[in-house]
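Colleague: Before anything else, here's the structure in question.
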Amino acid sequence: MDEEFDAKVTPWEVEGIIDYDRLIYEFGVKKISKREIELTREVVGEVHPLISRGVFYAHRDYDVFLRKYREGISTALYTGRGPSGNVHLGHILPWIFTKWLQDKLGIDLFFEFTDDEKFLYHRDFTLDDVRSLTRENIIDLISLGFDPGKTHIIVDIDDIGYLYELAVRIAKKITFSTIRAVMGFNSSTNIGMIFYPTLQIAVCFLPTELYGKETYVLIPAAIDQDPYWRLARDIATSLGYPKPTQIHAKFLPGLGIGGKMSSSQPETAIFLIDPPELAREKVMNSFTGGQPTAELQRKLGGNPDICPVYKYYEMMFEDRDDKLRERYLNCKGGSLLCGPCKSELADRVAKFLVKHQEIRDSAKDRIDEFLIRNKF
Ligand code: TYM
């Protein structure tokens with residue numbers, strides 16, 4: 001833990017109150033400025049609220065990616081999931097944005113499920129555990145409406161043939177001391193984990209191989225995955241590939257105090273397969289930025305800036321900027337109390353889950369349409 005800021009952000013652990021500006025400095029990424037927002041408007045035709053509201057807030061060469069796309073150079077999207085549990089609302093935040101980009105740009109998405117990573121990382125996981133979680137997670141992904149013609153799912157263990165040659169070429173470029181420093185490994189880390197990063201990096205270069213031409217890849221993800229991209233970018237040129245580009249999101253918080261939504265804290269996370277009534281209860285029990293009593297709230301107002309309930313509106317459950325602003329001001333001014341604010345969010349979350357779970361039932365039979373092995 002960083003004592004000063006009381007936060008920790010690695011690909012495997014995110015804890016504490018995160019200082020996002022400090023991460024920009026620590027990771028050496030760039031803040032998304034008006035320039036990138038305007039470029040998005042020019043190239044994509046519109047700006048997603050997740051960008052204009054500063055949720056996707058940092059990047060590496062996102063502007064280069066957009067320019068290459070505009071010039072008609074081959075481009076693709078890449079993102080992924082480590083199937084360590086059920087999918088929660090936090091995971092789908094980057095996926096919602098990725099789908100928007102895919103719809104607008106009409107380009108392929110390569111989606112990696114790292115069953116190997118999660119098998120290696122979690123001491124108690126069997127291969128059967130990760131296999132069944134992968135299947136369930138795939139169903140959640142495709143239920144979000146991705147285009148099967150343009151979305152190619154790679155499951156590491158089953159589809160290793162697509163990745164292995166790239167992985168060994170990558171592995172030869174990365175020393176043990178580099179991987180130890182970048183990933184924070186130590187002498188008790190198993191050797192599978194030490195090799196695993198090559199597979200997450202391999203997908204950055206796979207589109208160039210599959211299309212047989214130089215392809216610029218954009219990776220939308222939360223900022224915790226950045227260490228992989230740092231390594232990938234360092235070795236890309238020497239392997240003959242364009243540097244992969246990234247757009248980094250902040251984390252959807254859990255319903256408690258501080259920290260991201262995480263599967264390891266199920267009471268403060270909303271899973272896509274949660275019964276809607278349970279999700280409603282979780283929201284109603286959420287920590288808020290409100291005062292201890294309604295009377296004090298009316299007098300002093302609440303603090304939406306530290307409130308996960310407000311963040312859920314901002315990051316996922318309120319499309320309209322004017323309504324969001326109104327909620328912010330009413331909370332601060334004390335005219336909006338936490339009870340009704342939570343209850344409205346609980347309704348929206350429950351409605352989303354009911355719809356998602358209906359689609360999920362039919363998505364079960366559509367997995368094959370998305371698997372890379374049925375296409376390339
Ligand atoms: P995983 O399964 O930990 O996370 C999947 C994706 O969800 C993002 N994420 C979140 N975003 C917003 N709010 C949260 N609370 C939150 N929690 C997680 C992660 O940043 C990620 O984008 N090793 C990876 C799997 C992977 C991958 C990739 C991810 C392989 N290739 C390419 C992104 C891009 C993992 O375990 O992700």
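Yes/no matrix, rows are residues, columns are (1) open to solvent by less than 30 Å² (accessible area, probe 1.4 Å); (2) more than 23 Å from Gly258 (Cα to Cα); (3) not assigned by TED's automatic domain parsing to the domain that holds Leu109:
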| site | (1), (2), (3) |
| --- | --- |
| Tyr20 | no, no, no |
| Glu36 | yes, yes, no |
| Tyr57 | yes, no, no |
| Lys68 | no, yes, no |
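Colleague: Any idea how many residues of the range 255-275 are within 10 Å of the ligand (Cβ to nearest atom), modelled with pLDDT under 95 and of a type outside the set (Lys, Arg)?
Modeller: Looking only at that region, the number is 4.
Colleague: Counting residues that are within 16 Å of the chain's Cα centre (by Cα), which helices (runs of 4 or more DSSP H) fully inside the range 53-137 reach at least 3?
Modeller: Qualifying helices (runs of 4 or more DSSP H): 89-105.
Yes/no per residue for (1) in a loop (DSSP other than H, G, I, E, B); (2) more than 20 Å from Ile18 (Cβ to Cβ); (3) among the β-branched types (Val, Ile, Thr); (4) open to solvent by 20 Å² or more (accessible area, probe 1.4 Å):
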residue: Ser264; (1), (2), (3), (4): yes, no, no, yes
residue: Ala279; (1), (2), (3), (4): no, yes, no, no
residue: Asp305; (1), (2), (3), (4): no, no, no, yes
residue: Glu326; (1), (2), (3), (4): no, yes, no, yes
residue: Leu329; (1), (2), (3), (4): no, yes, no, yes
residue: Ser335; (1), (2), (3), (4): yes, yes, no, yes
residue: Ser343; (1), (2), (3), (4): no, yes, no, yes
residue: Lys351; (1), (2), (3), (4): no, yes, no, yes
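Colleague: Tell me whether the range 215-233 contains one or more residues that are open to solvent by 20 Å² or more (accessible area, probe 1.4 Å), out of contact with any helix residue (DSSP H, G or I) (no Cβ under 7 Å at 6 or more places or on another chain) and outside the structural domain of Lys351 (by TED's automatic domain parsing).
Modeller: Within the range 215-233, one or more residues are open to solvent by 20 Å² or more (accessible area, probe 1.4 Å), out of contact with any helix residue (DSSP H, G or I) (no Cβ under 7 Å at 6 or more places or on another chain) and outside the structural domain of Lys351 (by TED's automatic domain parsing).
Colleague: Take the range 103-139 and flag every residue that is acidic (Asp, Glu) and in contact with a Lys or Arg (Cβ under 7 Å, 6 or more places away or on another chain).
Modeller: Once the filter is applied, which keeps residues that are acidic (Asp, Glu) and in contact with a Lys or Arg (Cβ under 7 Å, 6 or more places away or on another chain), the range 103-139 yields Asp108, Asp115.
The values are calculated or read from the model by the stated rules, or taken from the named source; none is laboratory data. Fair warning: this is a prediction, and the values are worked out from it, not measured in the lab. Using ideal geometry, Cβ is built from the backbone for each residue, glycine included, and neighbour counts are taken over all protein chains shown. Just the protein is used for accessible areas: all its heavy atoms, side chains included, with ligands, DNA and RNA removed. Shrake-Rupley method; radii C 1.70, N 1.55, O 1.52, S 1.80 Å.
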